[in-house]
Amino acid sequence: MRIKRVIIFTFLSSFLLTTIFALEIQKNEPRIFISSANDRFSYGISQNKDDQLTGSSDFLFILPNFFIDINENSITKRTYPGSRYDELIIKSGTTLRLSEKLPVDILFTPQAGFCLLGNFGMQAAQNIIHKIYKINEVNLEYEHFQKPFAPLINAQVSFTYTLPFPPFEKLQLDFTSDNLIFYTTSQAVTFNTTLGTKSTFKLFASYKWNQLHVDSPTLKAYKKETTGFNYGFGLDAGLLKFDYITFSQTKNGNGTLSLDFLSFKKHNWQQTDVHFFTGFSFLINTKFLETQVQTPSLNNFSIYLNNKYVTGFPKNCINPSEYRYMRDYQILTMGIKYEQPLDFLRNWVTPYVELGTGIASFGITRLTNHLATPALDSYEYKTKYFWQLEANIGLDIIPPGTLNFGNAAYGLTVFAGTIFIPEHEKATNQIIQDTYRTPDWQLNTFEFKFGFMLHMGLDF
């Protein structure tokens, strides 16, 4: 307890002194975000298990001189005996400049607020979604805390070097300390690089240390999940912002989708440097999440990289035992796209054709508990990989520059096509193992597919 008091006193002293002697407040671009995080937004990069952060929603108000963040999370421990709690975090802070006329900018971001722990209805909200998707309900006992209120004091110091060669914008090193007084403290060091001055793409790698100051099995499970090395990316596309993080220790990850309300008033797009698509496709009687990155068109031709994935538990699964079966399907395709604008429609509709090839993988994990970890009895069927060919026809709707938010031009893409797996008989046997196909089910020689995606032309 004495050591803990010394640490808290040292942190508070540094917090106050740094704030007092700061040179100036760093001006922010006003933005208002509403965000939702879920492990289904894994982009096929990480596994999608029922991890400890079951759901998260966030309201972030970035104003010229300070910000306010309202965040609600649902934390679960799925292993027996299961438990959960919800947390409501309200905090505010500002960004202060600590350097002047140095090769690097030094920024200090102090934050203060509080956290409430208890039952705020997130399990009920989760079960409503489960009911819609015909997934079994989750009924875990809420954990009781003797002190459901905790002060919060956080801080971050950032060292930023602006790169002299565009489009790479900057390198940044962050030291972060998050302190939920009397419950948990966390420290992290993060290195990230940013591409673009308008729409921005960020890659980061980080290492995080967690310390617990209360005996809570749910909190312990969550902090164990997030301790250690992690990495991810962020994409700011004007109206929408995408963030993703994965934890190398467990290979679990989740993504965050944010909507910026103030971008409705901003129209700064001038040209498209990279095309980005995200949406859904329906293939093999399964809904895939799909993302695609595409180069600008040259003589009506462009190169694209497409990623379709589905992870999680099949609905309506035939499950006569205590086991649950988790799918891991992914289809990676690289190819060429040819488009032909229709002048008589003033480019409102642009037909295109895509031809590509790549790898389709199908994997199944049989779980005897909610989590497949080395400490639990689980069995992973070997993931098998198959060469595949793919052809699509589609329509890009809404010409670039018509519907702009921030530094991105938005449109809609609808498409249909087919996928051919030469070893479709072997692939059939692998897919049947996910328990909800009948034994006589067959993967067709040519599988029909269709879908739609949101199209973003990014101006970097």
- Task: Select from segment 179-189 the residues that are surrounded by 19 or more Cβ atoms within 10 Å (Cβ to Cβ) and of a type outside the set (A, V, I, L, M, F, W, C) and list them in ascending order.
- Result: Asn179, Tyr183, Thr184, Thr185
- Being hydrophobic (A, V, I, L, M, F, W, C), closer than 28 Å to Ala237 by Cα and either surrounded by fewer than 20 Cβ atoms within 10 Å (Cβ to Cβ) or without any contact (Cβ under 8 Å) to a residue 12 or more places away in the chain (or both) narrows Ala416, Ala408 down to just Ala416
- Item | Restricting segment 266-295 to residues that are aromatic (Phe, Trp, Tyr) and more than 30 Å from His424 (Cβ to Cβ), the residue that is least open to solvent (accessible area, probe 1.4 Å) | Phe276
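Every residue, every condition in (1) touching an Asp or Glu at 6+ places or on another chain (Cβ under 8 Å); (2) outside any loop (DSSP other than H, G, I, E, B); (3) more than 25 Å from Lys449 (Cα to Cα), yes or no:
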site: Leu259; (1), (2), (3): no, yes, yes
site: Phe264; (1), (2), (3): no, yes, yes
site: Gln270; (1), (2), (3): yes, no, yes
site: His275; (1), (2), (3): no, yes, no
site: Thr278; (1), (2), (3): yes, yes, no
site: Ser281; (1), (2), (3): yes, yes, no
site: Lys287; (1), (2), (3): no, yes, no
site: Glu290; (1), (2), (3): no, yes, no
- Message: Can you tell me how many residues within segment 245-255 are within 8 Å of the chain's Cα centre (by Cα) and more than 12 Å from Tyr43 (Cβ to Cβ)?
- Response: 0
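For (1) open to solvent by less than 80 Å² (accessible area, probe 1.4 Å); (2) in contact with a strand residue (DSSP E or B) (Cβ under 9 Å, 6 or more places away or on another chain); (3) over 30 Å from Gly113 (Cα atoms), each residue gets a yes or a no:
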| site | (1), (2), (3) |
| --- | --- |
| Asn139 | no, no, yes |
| Glu143 | yes, yes, no |
| Ile153 | yes, yes, no |
| Val157 | yes, yes, no |
| Leu163 | yes, yes, yes |
| Phe168 | no, yes, yes |
| Leu173 | yes, yes, no |
| Thr176 | yes, yes, no |
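Conditions (1) aromatic (Phe, Trp, Tyr); (2) at pLDDT below 80; (3) open to solvent by 30 Å² or more (accessible area, probe 1.4 Å); (4) in contact with a strand residue (DSSP E or B) (Cβ under 9 Å, 6 or more places away or on another chain), marked per residue:
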| site | (1), (2), (3), (4) |
| --- | --- |
| Asp50 | no, yes, yes, yes |
| Leu60 | no, no, yes, yes |
| Pro64 | no, no, yes, yes |
| Ile89 | no, no, no, yes |
| Phe120 | yes, no, yes, yes |
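What is the residue count in segment 122-137 for residues that are crowded, with 17+ Cβ neighbours inside 10 Å and either of a type outside the set (A, V, I, L, M) or assigned to a strand (DSSP E or B) (or both)?
2
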- Note on the structure: Checked against (1) under 30 Å from Val274 (Cα atoms); (2) touching a residue at least 60 places away in the same chain (Cβ under 8 Å), Gln433 satisfies every condition except (1)
- Restricting segment 245-265 to residues that are within 18 Å of Ser57 (Cβ to Cβ) and among the aliphatic types (A, V, I, L, M), the one most open to solvent (accessible area, probe 1.4 Å) turns out to be Leu257
- Among the candidates Phe201, Phe242, which residue alone is under 14 Å from the mean Cα position of the chain (by Cα), closer than 25 Å to Asp86 by Cα and either open to solvent by less than 40 Å² (accessible area, probe 1.4 Å) or in contact (Cβ under 8 Å) with a residue 12 or more places away in the chain (or both)? Phe242
- Task: Confirm whether Tyr80 is outside any loop (DSSP other than H, G, I, E, B), of a type outside the set (Gly, Ala, Ser), touching a residue at least 40 places away in the same chain (Cβ under 8 Å) and open to solvent by 70 Å² or more (accessible area, probe 1.4 Å).
- Result: no
- Evaluate segment 211-224: report whether one residue or more is modelled with pLDDT under 90, over 21 Å from Phe165 (Cβ atoms) and under 19 Å from the mean Cα position of the chain (by Cα). yes
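The values are calculated or read from the model by the stated rules, or taken from the named source; none is laboratory data. This structure is a prediction, so every number in the text was calculated from the model and none was measured. Backbone-built Cβ (ideal geometry, glycine too); neighbour counts: all protein chains shown. When the accessible area is computed, the model is the full protein with side chains, heavy atoms only, and any ligands, DNA or RNA have been set aside. Shrake-Rupley method; radii C 1.70, N 1.55, O 1.52, S 1.80 Å.
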